[in-house]
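First comes the structure, then the notes that go with it.
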Amino acid sequence: MSDLSFQKRLASEILGVGVSRIRIDPKRIEDVEAAITREEVKKLIRDGAIWVEPVHGIAGYSSRVRHAQRVKGRRRGHGKRKGTKEARLDSKELWMGRIRKIRRYLRYLRDKKLIDARTYRRLYMLAKGGYFNSLSSLKLYLRENNILKEAR
């Protein structure tokens with residue numbers, strides 16, 4: 001096997017890639033060996049005797065599999081956790097989402113005249129005190145205590 005490192009170096013400079021990505025056609029080794037000028041190497045590149053190996057990307061298959069497992073609830077045990085419970089899921093963000101939904105629903109009920117202003121204020125203060133875990137628990141409370149004026 002002849003030493004083609006000079007031709008490879010020239011080709012890598014011309015093509016603007018690393019030497020390791022330069023490939024030479026095994027059938028045209030004699031032609032490449034004879035090429036000692038930049039012009040000759042450029043001609044061989046045009047002819048297809050020298051070409052650039054494409055960059056290999058990362059398939060990402062294993063990360064997709066891992067993500068699918070995490071969606072199912074796997075790989076989420078104590079050993080995988082780095083941050084505190086608060087860092088992983090902010091309790092204030094949770095509270096804000098919950099209370100805003102409840103208050104929006106209470107406003108809706110008041111504006112549609114399904115509850116009066118006094119009932120609205122009482123329920124609002126209960127919500128503020130954390131009495132309702134979720135919107136569904138508020139609805140359950142309204143049903144059990146027959147608070148709504150009209151059936152919805």
Specify which of the listed residues (L114, L126, L109) is without any contact (Cβ under 8 Å) to a residue 60 or more places away in the chain and assigned to a loop (DSSP other than H, G, I, E, B). L114
Identify all residues within the stretch 1-42 that are charged (D, E, K, R) and over 27 Å from H56 (Cα atoms); write none if there are none. E30, D31, E33, R38, E39, E40
List every residue pair whose Cβ atoms lie under 9 Å apart, where the two residues are 6 or more positions apart in sequence or sit on different chains, the first residue falls within the stretch 61-90 and is without any contact (Cβ under 8 Å) to a residue 40 or more places away in the chain, and the second residue, located anywhere, is part of a loop (DSSP other than H, G, I, E, B) and loosely packed, with under 10 Cβ neighbours inside 10 Å. R88/K82
Would you check which residues across the stretch 109-130 are hydrophobic (A, V, I, L, M, F, W, C) and either modelled with pLDDT under 95 or closer than 16 Å to N145 by Cα (or both) and list them? L109, L114, I115, L123, L126, A127
Name the one entry in G73, G79, G97 that is assigned by the TED database to the domain that holds L126 and farther than 30 Å from L15 by Cα. G97
L123: passes all of (1) aliphatic (A, V, I, L, M); (2) under 30 Å from S62 (Cβ atoms); (3) surrounded by 11 or more Cβ atoms within 10 Å (Cβ to Cβ) but (2)
Is there any pair linking a residue in the stretch 5-32 that is without any contact (Cβ under 8 Å) to a residue 40 or more places away in the chain and more than 13 Å from W51 (Cβ to Cβ) to one that is assigned to a loop (DSSP other than H, G, I, E, B) and polar (S, T, N, Q), with Cβ under 8 Å and at least six apart or on different chains, and which? I29/S2
Can you confirm whether the stretch 52-63 contains a residue that is surrounded by fewer than 11 Cβ atoms within 10 Å (Cβ to Cβ), out of contact with any Lys or Arg (no Cβ under 8 Å at 6 or more places or on another chain) and among the polar types (S, T, N, Q)? yes
Give, as residue ranges, the helices (runs of 4 or more DSSP H) completely inside the stretch 1-97 that count at least 1 residues that are among the aromatic types (F, W, Y) and within 41 Å of the chain's Cα centre (by Cα). 61-71
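The values are calculated or read from the model by the stated rules, or taken from the named source; none is laboratory data. In this text, all values refer to a predicted model and were calculated from it rather than measured experimentally. Every residue, glycine as well, gets a Cβ built from its backbone with ideal geometry; the counts of neighbours run over all protein chains shown.
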